[in-house]
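K.L.:
Let me give you the structure first, and then I'll get to my questions.
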Amino acid sequence: MPTTKSPEETMQLAENLVREIKSPVCIALFGELGAGKTVFVKGLAKGLGIKDIIKSPTFVLMRSYSGRMKLYHIDLYRIKKCEEFLPFEETLMNDGITAIEWADRAADFLPDKRVEVCFKILSSDKRKIIINDYRD
Ligand code: ADP
Ligand code: MG
């Protein structure tokens with residue numbers, strides 16, 4: 001069960017994960033505010049060779065980036081519960097990695113085949129990060 005001791009280690013974990021990913025997938029991120037979800041997405045971007053600065057898309061809902069694969073970064077923090085979730089329409093899901101912060105808020109719309117990453121704050125710099133791969 002991985003525990004990271006710095007933001008850099010969390011980014012490295014994400015880079016390692018994304019290196020194994022060769023086809024489009026949804027990465028659902030769970031965990032409280034400050035747990036490291038955005039830091040993890042920065043690591044995904046780095047692993048995909050994306051040079052842009054990753055800013056949390058809290059107010060725009062989604063930002064997209066181009067690298068080895070497309071990266072769609074969604075943040076549902078401002079959404080209580082999704083009634084419908086348009087970005088999951090097939091075109092989007094089929095051509096890149098879709099990383100979703102606060103994925104619990106779109107629970108009804110998450111594709112079955114996904115990677116789940118759960119973050120838990122252990123102390124100021126320590127995070128427990130559990131990755132479950134349901135891509136089969
Ligand atoms: P979230 O998106 O889950 O709300 P962020 O990734 O924006 O959280 O912020 C995580 C904060 O915690 C950052 O300020 C980061 O520097 C800090 N931090 C400290 N230790 C870690 C760690 N091990 N992994 C990730 N972030 C960490
Ligand atoms: Mg965030």
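K.L.:
Could you please let me know if Glu8 is away from ligand 1 (no atom under 13 Å from the Cβ) and surrounded by fewer than 18 Cβ atoms within 10 Å (Cβ to Cβ)?
P.N.:
No, not satisfied.
K.L.:
Now, a different point. Of all residues in the range 59-81 being in contact with a Lys or Arg (Cβ under 6 Å, 6 or more places away or on another chain) and closer than 13 Å to Glu101 by Cβ, which is surrounded by the most Cβ atoms within 10 Å (Cβ to Cβ)?
P.N.:
By that ranking, first place goes to His73.
K.L.:
Find all pairs meeting these conditions: Cβ atoms under 7 angstrom apart; at least six residues apart or on different chains; first residue within the range 41-64 and free of Cβ contacts under 8 Å to residues at least 60 places away in the same chain and among the hydroxyl-bearing types (Ser, Thr, Tyr); second residue within 14 Å of ligand 1 (Cβ to nearest atom) and outside any loop (DSSP other than H, G, I, E, B).
P.N.:
Ser56/Thr38; Ser56/Asp75; Thr58/Asp75
K.L.:
Inspect all residues belonging to the range 53-76 and state whether any of them is at positive phi, at pLDDT 90 or above and in a loop (DSSP other than H, G, I, E, B).
P.N.:
Taking every residue of the range 53-76 in turn, none turns out to be at positive phi, at pLDDT 90 or above and in a loop (DSSP other than H, G, I, E, B).
K.L.:
Could you check the range 14-55 and list, in sequence order, the residues that are surrounded by fewer than 22 Cβ atoms within 10 Å (Cβ to Cβ) and in contact with a His (Cβ under 8 Å, 6 or more places away or on another chain)?
P.N.:
Ile54
K.L.:
For the range 25-43, give me the residue count where each residue is in contact with a strand residue (DSSP E or B) (Cβ under 6 Å, 6 or more places away or on another chain) and within 14 Å of ligand 1 (Cβ to nearest atom).
P.N.:
Qualifying residue count, the range 25-43: 9.
K.L.:
Just give me the residues in the range 107-119 being farther than 18 Å from Val41 by Cα and buried (at least 19 other Cβ atoms within 10 Å of the Cβ), in sequence order.
P.N.:
none
K.L.:
Can I ask one more? Restricting to the range 51-88, name every residue that is more than 16 Å from ligand 2 (Cβ to nearest atom), farther than 15 Å from Leu17 by Cβ and under 15 Å from the mean Cα position of the chain (by Cα).
P.N.:
If the condition is that a residue be more than 16 Å from ligand 2 (Cβ to nearest atom), farther than 15 Å from Leu17 by Cβ and under 15 Å from the mean Cα position of the chain (by Cα), then Ser64, Lys70, Pro87, Phe88 are the ones that fit.
K.L.:
Within the range 8-20, track down each residue that is out of contact with any helix residue (DSSP H, G or I) (no Cβ under 7 Å at 6 or more places or on another chain) and modelled with pLDDT of 95 or more.
P.N.:
Glu8, Glu9, Asn16, Leu17, listed by residue number.
The values are calculated or read from the model by the stated rules, or taken from the named source; none is laboratory data. Computed from a predicted structure; not experimentally measured. Cβ: placed from backbone, ideal geometry, glycine included. Neighbour counts: every protein chain shown.
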